[in-house]
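One structure below.
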Amino acid sequence: LSDGDEDIKMTAVREFWEETGLTFHYEMSSKARYASVGLTNERIQIAFGTYTGEVDLSHLSDEEEVEVLFVDREMAKHILEHEDVCVRSALLLEDFFKLSAFFHQV
C-alpha cells in the first residue's frame, strides 16, 4: 500500500523491506490495474527488480505473519498444482516462469 504521495518505486522499496527485511532494487513496474472492475477502486501495480541482504523478520509486529519463499520453476509448478494461493500470486508465478503452457487450457 502506498503511503501519501509515494510513487511505485518508493512504495516497492519500503514495502519489500517492511515485509522481508531485504533491500529492493527497483527496475520497472506494470501499469496500475483495478483489482475488480466495478466493485472497488483499488488498483494494483507490480514492481520488478532485484534484492540484496538477508531475510530479517524481527521488525514485524505481533499481528503480522510472513513467510519468505525463494521459488524456482519446479517449486512454482508445485505451488500452482497443489497449494491454495490467491489469483494474483498464481498469475505472477505463471507469468514470471512462463508456466501457462504447462497447465491444461479450458
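Bear in mind these aren't lab numbers, they're just calculated from the coordinates by the rules spelled out. Since the structure is predicted, the reported quantities are computational estimates derived from the model, not experimental observations. Note that each Cβ is placed from the backbone with ideal geometry, even for glycine, and that neighbours are counted across all protein chains shown.
Brief remarks on what is shown
- For region 47-57, Karplus couplings with θ = phi - 60° (6.51, -1.76, 1.60), whole Hz, Gly/Pro x: 9, 10, x, 10, 9, 9, x, 10, 4, 9, 9
- If R0 equals 30 Å, the separation of the Cβ atoms of residue 45 and residue 78 corresponds to a calculated FRET efficiency of about 0.60.
- Cα radius of gyration and Dmax for region 9-66 (Å): 13.7, 40
- For the pair residue 54 and residue 36, the difference between a 0.36 nm per residue extended length and the Cα-Cα distance amounts to 3.0 nm.
- Sequence-distant contacts, meaning Cα pairs under 8 Å at least 6 residues apart, place the relative contact order of the chain at 20 percent.
- The calculated FRET efficiency for residue 89 paired with residue 2, based on their beta-carbon distance and R0 = 25 Å, is about 0.80.
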